[in-house]
Amino acid sequence: MTRLSEMMEKQPRLLSSKLFQRHRQFEVVLNRSDLAWKEIEKSRQRSSGISRESETAHSHAIQVCEIVAVRKSEEDDRDDTKTGGQKKAKQHYQLYPHAFTVSYVRRTGQHRWRCSDVTFHCANQALCEEWIQVINEQLSLLASRPKSLLVYINPYGGKRRGKRIYEQKVAPLFRRASISADVIVTERANHARDHLKTEANLDKYDGVVCVGGDGMFSEILHGLVTRTQTDHGVDQNQPDAELVPCSLRIGIIPAGSTDCICFATVGTNDPVTSALHIIVGDSQPMDVCSVHHNDFFLRYSVSLLGYGFYGDVQTDSERKRWLGPARYDLSGVKTFLSHNYYEGTVSFLPAEDDVGNPRDKLQCRSGCHVCQHKPSSKDKPWEMSEEKEKSDKESSSGWSVIRGKFIAINAASMSCACPRSPKGLSPSAHLADGTTDLILVRKCSRFDFLRHLLRHTNKEDQFDHSFVEVHRVRTFRFQPRHQVSLGDLSETPKKTGFGPICSGQMTCNYSKAQSSWTCDGEILPHTAIQASVQCQLIRLFARGIEEQQQLQ
């Protein structure tokens, strides 16, 4: 018995009929998990020993949870007219005049999904309507599917394609799946954040969707998380506050200059794929880092907190926004040639051994078993006194303290993979394990730092350098060696040229007392920070990157 036959017989049948599809007769079977069909003629040939090689040539199966919609077919959208002559199609319609079309998810490789249709022809109207009714009944049982969405479109992000992408590629799919959407086109920075925080009636919706890049997602994240904490009376300014997870899922339709979060949670920056993940009701929990300065909340982060190199790149690129995405390349070269290092103290609380380590080569994928285990909130390991944390040695509280001169300090809460860096800054970082990977790049030569940067673009061990160390942590603090007020920092004269090419012992330029932290692409106003991981604070309409692509 073939795998398809086993699947068709495994569960009790809800419906089973002999239907026609493209002039061929198929046995079509629906059970609670699958819709499958196989050609009857091929089955007979196989049973008589004529053809065993082609037993799956005209057989197919799809999961009910990946059916987008089912509808009664009109004559002009039946697929038979595309495959044969009109005369033959006409004869076929006279014998089997009733048809229904099933729209479903089809994988096309490289983690992309497409919406495909299959049309079945029935001999009578009652049978056709029965199939439509029973399939719709099964779809209605999928409680995770959204029925009403709040959609924010950034018309200015990326190449200003957000509105067109939504209207042409996403909205038709939502309509096909009978999803209603209230659309708001943002008119200014933080429009979506402020609307979510104060005005939006969230009880009406099953999810919030942003059409834009990582900046637009950050707005939605801050608005939704802040609204949730306000509604539950939680003070976000307290670093040790236990934040309440958001009940609404967030969908990302990529339409920005950078779409790293979408890439890391779906595997591709494709609007149709993201729309289909929303339609089928996928749910991917995600950790969020809360960042504080003393007892003052600064921002949330889901991807990268970077000090030193990446902070300098972001700061410089902000002055070149008119260049578009090319500004990151120019600022990256300039920052690399400047080769600054910064002194400070990093203290952190290491994660437990059961969440693995950043060098175990265990990548976070759909159904990741590391992320399945959510730590108990009863025993928060970072609820320690400040006096204990400031100890110079690793104390009984479990804190570790490292002082040094650093070219870069990065905290990656996900792999941070993107098309330019397919494995990311920390390839084994997990989306929802309650940790972040703290990467410390100590003072080194320009050549050595280049070797480190090149590791982001290849498959070699990212951390196999003597000047690089990485720790999986639940919380960390950074204190710069030199205290500089925000006012002093803003008045620091800007360098106008590149730093001198280093030689011998002079490998770094130490002209600035401090760098800046970049938090998911935004510059923080303070350098002394505490970052604590809030385990699975939000959920996305995603399922993580699928391990193997099943082409259909």
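The values are calculated or read from the model by the stated rules, or taken from the named source; none is laboratory data. Owing to the predicted nature of the structure, the values given are computational and were not obtained by experimental measurement. Cβ: placed from backbone, ideal geometry, glycine included. Neighbour counts: every protein chain shown. Calculation scope for accessible area: heavy atoms of the full protein, side chains included, ligands and nucleic acids excluded. Shrake-Rupley method; radii C 1.70, N 1.55, O 1.52, S 1.80 Å.
Data overview
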item	result
The range 145-282: antiparallel DSSP beta bridges as a percent of all, rounded to 5	0 percent
Total charge dipole magnitude, the range 145-282, about the Cα centre, Cβ charges on Lys, Arg, Asp, Glu only, Debye to nearest 20	780 debye
Positive minus negative residues near residue 326 (Lys, Arg vs Asp, Glu; Cβ under 15 Å)	+4
Charge dipole (the range 275-368, unit charges on Cβ, about Cα centre) - positive-most of 311, 301, 333	333
Neighbour net charge for residue 197 - beta-carbon separation under 12 angstrom, K R +1, D E -1	-2
Nearest-10 value in Å² for the accessible area of residue 180, using the 1.4 Å probe	60 Å²
Accessible area per residue, Å², the range 165-296 with all protein chains present, probe 1.4 Å	36 Å²
Residue pairs, from the table 334/459; 159/361; 147/361; 320/423; 18/169, whose Cα atoms sit over 30 Å apart	159/361; 147/361; 18/169
Global form of the range 134-284, assessed from the alpha-carbon gyration tensor, a/c cut-off 1.5	oblate
